[in-house]
Amino acid sequence: MKNPKQKSVSILPRNFCELLSYFYDTEFETEVKFGRFKVDFYSENMKLAFEYDGIQHYSVIQKIESDKRKNDLLKSEGIKLVRWPYYFMPTKDTCKYVFQDHYSEQKFSSMLQTIFGTNNESKMMAPGFHSTPNIPANFIWPGIDKFLNELDVAPQSILHQVRHSLKLYCQVRAENNYEIIIPTYHGKFMEFFNENDDAAYLGLVYQNGSKTT
């Protein structure tokens, strides 16, 4: 059984650079300016930028529109921009998806041992929503679309894990009062939410328990 300290580990802006250090042999500067914009993490020699997308990237229209302009600017300057949604966790599938050619089993194992204190991925908190108040009910319409698009292109495991975490959140913390957790008015979101979860993807830690759908 995983100890409470391990369960509480999350990837946040303050430790995201540490995560990057396991997969890239380069230094990432923080808060680098490009015109009127700032990039959270940037490697000049790789022309590679990472943005940590917190709740405001889903709940504030000005931020969402600014992100689109930032994406266009960096692309025009030949810089690859990768966005890390705040509900992601560095599972094996996530790391392969995000870090691509820079992923290796050795790098993943080293990260898992150092950050999470385990050699077993199943001891990691699953991607999704567990206790945060920054839940999808707070998303505005374009933020909901962004969220669904991210899950649509991500590995299937992430989609199932995130959905599973939301179902547990609704059942355990909101006593099935779904509208305070998820945007029940959004048709496409509810189509996503009401799909069944594949138990093959769910073997991680869920703070609100676990179930088989």
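Report every pair of residues separated by at least 6 positions or lying on different chains whose Cβ atoms are under 6 Å apart, first residue within the stretch 13-41 and under 15 Å from residue 103 (Cα atoms) and at pLDDT 95 or above, second assigned to a helix (DSSP H, G or I) and not charged (D, E, K, R).
These pairs meet every condition: 22/110; 22/111; 23/99; 23/102; 24/102.
Quick one: residue 116 ticks every box in (1) surrounded by fewer than 17 Cβ atoms within 10 Å (Cβ to Cβ); (2) farther than 30 Å from residue 183 by Cα except a single one, so which number is it?
Here residue 116 clears every test but (1).
So in the stretch 169-213, with the set limited to residues that are of a type in the set (Asp, Glu) and without any contact (Cβ under 8 Å) to a residue 40 or more places away in the chain, which one is nearest to residue 123 (Cα to Cα)?
Of everything passing the filter in the stretch 169-213, 197 is nearest to residue 123 (Cα to Cα).
Against the conditions (1) part of a helix (DSSP H, G or I); (2) under 30 Å from residue 44 (Cβ atoms); (3) among the aliphatic types (A, V, I, L, M); (4) over 12 Å from the mean Cα position of the chain (by Cα), where does residue 81 fall short? Just the number, please.
(1)
Filter the stretch 180-189 for residues that are in a helix (DSSP H, G or I) and over 19 Å from residue 131 (Cβ atoms) and give the result.
187, 188, 189
Output the residues belonging to the stretch 112-126 that are within 12 Å of residue 90 (Cβ to Cβ) and out of contact with any Asp or Glu (no Cβ under 9 Å at 6 or more places or on another chain).
116, 121, 124, 125, 126
Between a residue in the stretch 153-166 that is closer than 13 Å to residue 181 by Cβ and any residue that is surrounded by fewer than 24 Cβ atoms within 10 Å (Cβ to Cβ) and charged (D, E, K, R), which pairs come within a Cβ distance under 8 Å, given they are 6 or more apart or on different chains?
Once the first residue is closer than 13 Å to residue 181 by Cβ and sits in the stretch 153-166, its partners that are surrounded by fewer than 24 Cβ atoms within 10 Å (Cβ to Cβ) and charged (D, E, K, R) give 163/195; 163/197.
Test each condition in (1) of a type in the set (S, T, N, Q); (2) touching a strand residue (DSSP E or B) at 6+ places or on another chain (Cβ under 8 Å); (3) free of Cβ contacts under 8 Å to residues at least 24 places away in the same chain for residue 122 and report the one that comes out false.
So residue 122 meets the others, but not (3).
This table checks each residue for (1) on the phi < 0 side of the Ramachandran plot; (2) surrounded by fewer than 17 Cβ atoms within 10 Å (Cβ to Cβ); (3) part of a loop (DSSP other than H, G, I, E, B).
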| residue | (1), (2), (3) |
| --- | --- |
| 10 | yes, yes, yes |
| 23 | yes, no, yes |
| 32 | yes, yes, no |
| 39 | yes, no, no |
| 46 | yes, yes, yes |
| 49 | yes, no, no |
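Any residue at all in the stretch 56-71 that is surrounded by fewer than 19 Cβ atoms within 10 Å (Cβ to Cβ), of a type in the set (Gly, Ala, Ser) and more than 28 Å from residue 123 (Cβ to Cβ)?
yes
Do you know which of the residues in the stretch 113-165 that are among the aromatic types (Phe, Trp, Tyr) and assigned to a loop (DSSP other than H, G, I, E, B) is nearest to residue 63 (Cα to Cα)?
Restricting to residues being among the aromatic types (Phe, Trp, Tyr) and assigned to a loop (DSSP other than H, G, I, E, B), the top hit is 139.
Name, by its number, the condition in (1) in contact with a helix residue (DSSP H, G or I) (Cβ under 8 Å, 6 or more places away or on another chain); (2) surrounded by fewer than 19 Cβ atoms within 10 Å (Cβ to Cβ); (3) assigned to a helix (DSSP H, G or I); (4) at pLDDT below 95 that does not hold for residue 170.
It fails just one condition, (2).
Could you tell me how many of the residues in the stretch 82-97 are under 18 Å from residue 28 (Cα atoms) and surrounded by fewer than 20 Cβ atoms within 10 Å (Cβ to Cβ)?
Total satisfying the criteria: 2.
The values are calculated or read from the model by the stated rules, or taken from the named source; none is laboratory data. These numbers come from a predicted model, not from an experiment. Glycine gets a Cβ as well: all are built from the backbone with ideal geometry, and neighbour counts include every protein chain shown.
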